[in-house]
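Have a look at the structure below before the remarks.
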Amino acid sequence: MRELALHILDLAENSVSAQAKNISIRVLEDTIADRMKISIQDDGKGMDPEMVEMVIDPFVTSRTTRKVGLGIPLLKEAAELCNGDLTIISQPGHGTLIAVDLQLEHIDRMPLGDLADTYLSLMVAHPEVHWIFDYQVVVPGESAQWFYLDDQPVKDALEGLPLCDPTVLAYLRGVFQDGINSIRRDDIQMEINL
Amino acid sequence: MPAIKSLDDLKRVRDEAMQKRQLKTEPGSIQIIVGMGTPGIAAGARETMRAILDYIEENQVANIVVRQTGNIGLDSWEPIVQVVIGESPKVTYGRVNPDAARKIMKEHIQGGNIVQDYVIES
């Protein structure tokens, strides 16, 4: 995975698989504290402590009954390489929160990548889920720049029109791209073009 | 601040979309399912999805439902795209990069011909 936005996509898909009805994704670039923070909160079926351990490190367990992907261990390692960490808070029946925190300007930090595309893909491909998409950039001397989209009012206004309708798609693509790319800093914009 | 400042924009989008839909008579439903498990994402499935959505937008193809699914266990064939048209059996395509996705949209979805080069199962 070469972008954090792809890891976000992966984590969000886990939340969908856990039958979540509400999923919130938050990304914060804090240039003052030099941290990038990503969190994905869902109200899916949650995990017991044993499952959480297995998800973080599938090679430690002796359990073979469940298939566990490598998305989370890879992201955890990527965070730790950048003076950061990955935390999972989860409880069966109560959903899951995955929080990733890493140093923003660390030389090994992978780019955030195409967050707009990740957000749009999730919203369109899983219309049964209520999504909240958040992206904030904090820069010294300026007020925080913030993109926030709760998809419920959007769906209500569309009155049942499918999100895959070409006219709707074009509009949503514009909302995500314009909204997110207008608050990115220039050096991050360069990373997308590489 | 909220990304969509006014819901009036959405009303306009809805009206425009409804008008266009009335002009077309496209029978049946088409379902496209893109594998978006960890191996799929690592193999480029998000770009495949993007190619499919862009094709729909550019060619004004209505009546398609695009979904994402988790890992279906064919890791070495990712990115995987499954196509279900009406009552026909599901066609599973493998190694679908964006170019292959565009080909499938044009030849199978719009043209009705399965693209044999990429089929894994049908």
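Structure above, values below:
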item	result
Unique residue being of a type outside the set (S, T, N, Q), over 20 Å from B:Gly35 (Cβ atoms), buried (at least 16 other Cβ atoms within 10 Å of the Cβ) and modelled with pLDDT of 95 or more when the list is A:Asp43, A:Asp10	A:Asp43
Residue match in region A:71-82 (condition: touching a residue at least 40 places away in the same chain (Cβ under 8 Å), more than 14 Å from the chain's Cα centre (by Cα) and more than 26 Å from A:Ile183 (Cβ to Cβ))	yes
B:Arg21 closer than 16 Å to A:Leu172 by Cα and among the basic types (Lys, Arg)	no
Test: residue in region A:24-47 that is more than 14 Å from chain B (Cβ to nearest Cβ), charged (D, E, K, R), in a loop (DSSP other than H, G, I, E, B) and under 30 Å from A:Gly141 (Cβ atoms)	yes
Residue list for region A:74-115, restricted to those being under 15 Å from A:Val52 (Cα atoms) and out of contact with any helix residue (DSSP H, G or I) (no Cβ under 8 Å at 6 or more places or on another chain)	A:Thr87, A:Ile89, A:Gln91, A:Pro92, A:Gly93, A:His94, A:Gly95, A:Leu97, A:Ala99
The lone exception for A:Cys164 - which of (1) of a type outside the set (Gly, Ala, Ser); (2) farther than 15 Å from A:Ser24 by Cα; (3) more than 14 Å from every other protein chain (Cβ to nearest Cβ) it fails	(3)
Enumeration of residues in region B:38-75 that are over 18 Å from B:Lys106 (Cβ atoms), at the interface with chain A (Cβ under 7 Å from one of its Cβ atoms) and either within 13 Å of the chain's Cα centre (by Cα) or surrounded by 23 or more Cβ atoms within 10 Å (Cβ to Cβ) (or both)	B:Thr38, B:Ile41, B:Arg46, B:Val65, B:Arg67, B:Gln68
Scope region A:13-40; condition closer than 25 Å to A:Gln145 by Cα, among the charged types (D, E, K, R) and either surrounded by 18 or more Cβ atoms within 10 Å (Cβ to Cβ) or over 15 Å from the mean Cα position of the chain (by Cα) (or both); matching residues	A:Glu29, A:Asp30, A:Asp34, A:Arg35
Test: residue in region B:76-98 that is without any contact (Cβ under 8 Å) to a residue 24 or more places away in the chain and within 14 Å of chain A (Cβ to nearest Cβ)	no
Meets criteria (charged (D, E, K, R) and either away from chain A (no Cβ under 12 Å) or outside any helix (DSSP H, G or I) (or both)) for B:Asp117	yes
Residues located in region B:1-15, provided they are more than 7 Å from chain A (Cβ to nearest Cβ) and part of a loop (DSSP other than H, G, I, E, B)	B:Lys5, B:Ser6
Test for B:Ile32: is it surrounded by 23 or more Cβ atoms within 10 Å (Cβ to Cβ) and either among the acidic types (Asp, Glu) or not in a loop (DSSP other than H, G, I, E, B) (or both)	yes
Qualifying residues in region B:76-122 (those that are surrounded by fewer than 18 Cβ atoms within 10 Å (Cβ to Cβ) and in contact with an Asp or Glu (Cβ under 6 Å, 6 or more places away or on another chain)) - the one nearest to B:Thr48 (Cα to Cα)	B:Pro98
Hey, A:Ile180 more than 10 Å from chain B (Cβ to nearest Cβ) and either touching a strand residue (DSSP E or B) at 6+ places or on another chain (Cβ under 8 Å) or at pLDDT below 95 (or both) or not	no
Boolean, A:Thr118 is under 26 Å from A:Leu172 (Cβ atoms) and either within 19 Å of the chain's Cα centre (by Cα) or at pLDDT below 95 (or both)	yes
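Yes/no per residue for (1) away from every other protein chain (no Cβ under 14 Å); (2) farther than 14 Å from A:Met36 by Cα; (3) touching an Asp or Glu at 6+ places or on another chain (Cβ under 6 Å):
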residue	(1), (2), (3)
A:Leu81	yes, no, yes
A:Gln91	yes, yes, no
A:His94	yes, yes, no
A:Ala125	no, yes, no
A:Asp134	no, no, no
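The values are calculated or read from the model by the stated rules, or taken from the named source; none is laboratory data. Because the structure is a prediction, the values reported are computed rather than measured. Glycine gets a Cβ as well: all are built from the backbone with ideal geometry, and neighbour counts include every protein chain shown.
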